[in-house]
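What follows is a short report on a single structure.
The values are calculated or read from the model by the stated rules, or taken from the named source; none is laboratory data. All figures in this text were calculated on a predicted structure; none of them were measured in a lab. Here the Cβ positions follow ideal geometry from the backbone for every residue, glycine too, while neighbour counts run over all protein chains shown.
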Amino acid sequence: MLALLWLLSLSLPSLWAEILIRCSYKSLCQQALVSGNDVVLQCDYPQALWYFSPILGEDPFLISAVPNIKKLPGGSLQLTNPQPSQTGLYHCQDSDNALVVEYEIDFQDVSTLHITHKGLGQKPLQNETLSLGGRVLVFTHWEPWQDCNRCGEPGERKRLGYCYIEEPQEKAMPCWLYLRGEKTHSSRLRTELQVEACLAPCDHVKETNQPYFIFDIYPLGKLTNNMWLTCPLASIYRPILWEVNDIPLTWQGQLSNQVLSSILEPTNGGRQLQIFQPAIYKCFVKQELMARFNPRPFPDVPETLQQEETGPQLESREARKGKARSVLKGLKLMLLVGIFLGLLGLLLKLCHPSQHKRSDQVLLVK
Ligand SMILES: *[C@@H]1O[C@H](CO)[C@@H](O)[C@H](O)[C@H]1NC(C)=O
């Protein structure tokens, strides 16, 4: 499954690019992000050593064996489901202990996300002054709007707004980097998500044979009547769209307190969908079909009584259950071709054991 995701990422490199946090060589970059949403901190040095120091001014420690942090082969650092407690300084150095790049990251707590929809007249949070030693201004620093989640037809777009604090005559800082572990009980210290309607033209030719995931969903149990679907490669940082039997779901519908047959999870921007009834569910990321979830009449394995789990367990359960049945015909073909060429190479080698090295090279070049 992971290998397939990796292959998919090769074929759709643009999909990874957006959650890659970059900073120029030998610089320090400060960045607010939301917790619970995966990111990669870039450091282009394969033997990179990463150090972390939390905001409480503790000594930096070498990052190794942190369950949700992984160093990628190129040197970059991948954080899966980062937590607010992982706010702090990430320092990447080379094998001579010289700085390559540094990040000060504020993973703002997504569980207190303040979500508003322009079309419903809901207002974002107002600026507020707080007294923290001196008087400081708390305000929302808005990211640019993401692309519309549909094209050619009415869709929605969203933008994240991070909590920032500004002292008079000082540069504003992400709230929890400013606070450095200090406790405050202001309800203004929250991250925002704002949604509005949009209508974007289709500026690309829609590919009809583009690869996508297909998952099976088994009957929703009688005792428990909900489950979660997770859209692969989706993220709060990217435009996402869900369709139920070809009808798009909207944040407007969800936020206007209609009775719902499915619920978009706000804390991951709708990467997950909670469903209550069988239907064909499709998800799109950056306007491209990413996955299709088909209801199936009979489960292969009787496991209907385990559906009450919550949180991350649910996700893994879903991963188990919704094993990608047929994934990406194109990639399968690629794999088959690869295997075929490998076997062919082996066969040729076996048939001509006395051949010179030169002909081996020819084979390789092919
Ligand atoms: C809130 O504060 C920010 C930062 O100083 C400023 O850019 C913005 O205009 C303020 N907004 C309002 C409504 O005063």
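At-a-glance table
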item: Qualifying residue in region 90-98 (condition: surrounded by 14 or more Cβ atoms within 10 Å (Cβ to Cβ), closer than 20 Å to residue 237 by Cβ, touching a residue at least 12 places away in the same chain (Cβ under 8 Å) and not assigned by TED's automatic domain parsing to the domain that holds residue 267); result: yes
item: Condition check for residue 190: within 22 Å of the chain's Cα centre (by Cα), part of a loop (DSSP other than H, G, I, E, B) and within 16 Å of the ligand (Cβ to nearest atom); result: yes
item: Flag if residue 144 is within 16 Å of the ligand (Cβ to nearest atom), closer than 30 Å to residue 199 by Cα, part of a loop (DSSP other than H, G, I, E, B) and more than 22 Å from the chain's Cα centre (by Cα); result: no
item: Meets criteria (within 16 Å of the ligand (Cβ to nearest atom), assigned to a strand (DSSP E or B) and crowded, with 19+ Cβ neighbours inside 10 Å) for residue 178; result: no
item: Residue under evaluation residue 139, criteria (1) out of contact with any His (no Cβ under 9 Å at 6 or more places or on another chain); (2) assigned to a strand (DSSP E or B); (3) more than 16 Å from the ligand (Cβ to nearest atom); (4) touching a residue at least 12 places away in the same chain (Cβ under 8 Å), criterion not met; result: (3)
item: Residue match in region 130-144 (condition: within 23 Å of residue 42 (Cα to Cα), at pLDDT 95 or above and charged (D, E, K, R)); result: yes
item: Test for residue 129: is it under 20 Å from the mean Cα position of the chain (by Cα) and among the β-branched types (Val, Ile, Thr); result: no
item: Subset of region 99-128 (residues that are among the charged types (D, E, K, R) and free of Cβ contacts under 8 Å to residues at least 12 places away in the same chain); result: 123
item: Verdict on residue 157 being among the charged types (D, E, K, R), over 25 Å from residue 255 (Cα atoms) and either within 16 Å of the ligand (Cβ to nearest atom) or assigned to a strand (DSSP E or B) (or both); result: no
